[in-house]
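The values are calculated or read from the model by the stated rules, or taken from the named source; none is laboratory data. The structure displayed is predicted, hence computed values, not measured ones. Note: ideal-geometry Cβ built from the backbone for every residue, glycine included; neighbour counts use all protein chains shown. The area values use the complete protein model at the heavy-atom level, side chains included, leaving out ligands, DNA and RNA. Shrake-Rupley method; radii C 1.70, N 1.55, O 1.52, S 1.80 Å.
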Amino acid sequence: MGARGAVDLIVDHAKTGLNTAGEMVLLAWDSSVSAATDIVRGRFSWDEFFEQAWFMTRVSLLPTILVSIPFGVIVSVQVGGVAGQIGAQSFIGAVNAIGVMRQAAPLVAAIMIAGVVGAAVTADLGARTVREEIDALKVMGISPVQRLVAPRLVAAVIIGVCLSAVVATTAILTGYVLVVGSGSVSSGTYLGAFISFGQTLDLIMAILKSAIFGFLAVIVAAHKGLNARGGPKGVSDAVNQSVVLSVILLALVNVGITQLYVMLVPQRLV
């Protein structure tokens, strides 16, 4: 491939990426407006919402807990080792408060939503697309975005926040049991550091992050599912693309939100 061919390939990929980003933005807008207006007007598909919310909870709750437990162990062991070397064992609880609430809880929940829920949403919508069920809905005058995407979007936002709470609770309790149970610090010292350094804004930020991550993951999954082509192979390709793109996008968004939070919110000093 010559230099001209390489340039053309890069330009084509850039155009495809921009088109995909634009389509996702439009899908996000349409589904958000549809969800809001349908809820206000009493036309929201609550049956679909509850069905999807239960499905998301059923497939992601246990994996979330199983991931949170070793995460709490790793944070406690690693931080406890470093704290022991510098004589700062009393701050282990503070590290759990900051690390788990700000980063681990929303990010683990986002990965579960993207990897488990997002894959299922993409597969479901992709199968409907290749079977021409989406086209049938359009012929009948039913908006697929309003009927299928909006309920999944609302469910993912709510379940994402709930999973974040599960991650935070599980990881913090695991760290507490491990640190206090091993005798590294007392229960009062651990909780005192947690309370001293933890802020209400940390909890608000975790909730906001989780809602944004759930929103983005379902938008990516729905877009890939609705644009699946080529039969079963096309659906499997859409699932792979959805998971990879979601994880990358969520990681980038997480970095941006965290940086803004650190810059704009004053940190508590003791």
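Structure notes:
- Ranked by how many other beta carbons lie within 10 Å on average, peptides 147-157, 252-262, 120-130, 46-56 from highest: 147-157, 120-130, 46-56, 252-262
- Two-decimal ratio, the range 45-264, of alpha-carbon radius of gyration to 2.2 N^0.38 Å: 1.18
- In the full protein context, the range 45-264 carries 45 Å² of accessible surface per residue, based on a 1.4 Å probe and ignoring ligands, DNA and RNA.
- Among 236-242, 205-211, sorting by the average number of other beta carbon atoms lying within 10 angstrom of each residue, highest first, gives 205-211, 236-242.
- Those lysines that a straight Cα-Cα span of less than 27 Å connects to K15, excepting residues fewer than 8 apart in one chain: K224, K233
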